[in-house]
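Heads up: the structure comes next, in structure tokens.
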Amino acid sequence: MTPGLISKKIVGDRLAIVERMIGEIRSLPMGTFQDFIKDRRNVWAAESCLRRSLEALLDIGRHILAKRFATGVSEYKEIARRLGELGLLSASEAELLRILAGYRNRLIHFYHEIGEEELYKICKDQLGDLQRVKDAYLRWLKDHPDQMNERL
């Protein structure tokens with residue numbers, strides 16, 4: 001692979017997905033666990049939005065690695081490690097993304113083990129983790145505008 005420019009459109013589209021999914025989760029009745037499960041559709045909406053936001057964050061990282069650094073990765077946790085090594089994420093941000101990648105894997109492969117209360121607690125108390133990684137990407141991109149391809 002040869003290093004190139006990061007697609008502003010791809011990154012922008014994925015960032016918008018993260019923001020929209022966080023907003024959708026926040027719009028759910030999260031006052032109490034009982035409020036949350038009163039309508040069973042809330043559980044499925046929360047799971048879908050959480051999974052999609054995690055996928056979008058990881059897609060951004062993979063895109064940056066592939067386009068800017070000519071680095072291919074085969075596992076989601078490796079995205080976090082490589083972004084940390086390259087200084088795109090701080091050590092704590094890279095560790096957070098590694099944890100989020102692991103949770104994404106649980107949502108996909110061990111979905112049957114994730115209970116409604118666990119999902120509720122994550123959506124109620126830990127959405128800031130998604131925002132933190134999103135903000136780290138934005139910070140790096142703002143500091144490196146020359147790395148972006150403006151074309152579609």
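Data for the structure
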quantity	calculated
Where a residue in segment 110-121 is in contact (Cβ under 8 Å) with a residue 12 or more places away in the chain and closer than 17 Å to Ile37 by Cβ and its partner, wherever it lies, is surrounded by 11 or more Cβ atoms within 10 Å (Cβ to Cβ) and small (Gly, Ala, Ser), with Cβ under 8 Å and at least six apart	Leu119/Ala46; Tyr120/Ala46
Among the candidates Ile37, Ile17, Ile10, Ile25, residue that is touching a Leu at 6+ places or on another chain (Cβ under 8 Å) and not polar (S, T, N, Q)	Ile25
Considering residues of segment 122-131 that are of a type in the set (D, E, K, R) and surrounded by 15 or more Cβ atoms within 10 Å (Cβ to Cβ) only, the residue nearest to Gln34 (Cα to Cα)	Lys124
In segment 133-149, the residues that are of a type in the set (A, V, I, L, M), assigned to a helix (DSSP H, G or I) and closer than 21 Å to Gly4 by Cβ	Leu138, Leu141
Where a residue in segment 84-102 is on the phi < 0 side of the Ramachandran plot and its partner, wherever it lies, is β-branched (Val, Ile, Thr) and not in a helix (DSSP H, G or I), with Cβ under 9 Å and at least six apart	Leu86/Thr71
Which listed residue, of His112, His63, is over 23 Å from Asp146 (Cβ atoms), over 12 Å from the mean Cα position of the chain (by Cα) and part of a helix (DSSP H, G or I)	His112
Ile25, sole failed condition from (1) over 30 Å from Gly115 (Cα atoms); (2) buried (at least 18 other Cβ atoms within 10 Å of the Cβ); (3) not acidic (Asp, Glu)	(1)
Candidates Leu107, Leu130, Leu152 - the one that is modelled with pLDDT of 95 or more and either assigned to a helix (DSSP H, G or I) or farther than 17 Å from Glu78 by Cα (or both)	Leu130
Subset of segment 88-104 (residues that are modelled with pLDDT of 95 or more and surrounded by fewer than 17 Cβ atoms within 10 Å (Cβ to Cβ))	Ser90, Ala91, Ser92, Glu95, Ile99
Residues (of a type in the set (A, V, I, L, M) and in contact (Cβ under 8 Å) with a residue 40 or more places away in the chain) located in segment 52-83	Leu54, Ala56, Leu57, Leu58, Ile60, Ile64, Ala66, Ala70
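The values are calculated or read from the model by the stated rules, or taken from the named source; none is laboratory data. These figures come from a predicted structure and were not determined experimentally. Reconstructed Cβ throughout: ideal geometry from the backbone, glycine too, with neighbour counts over all protein chains shown.
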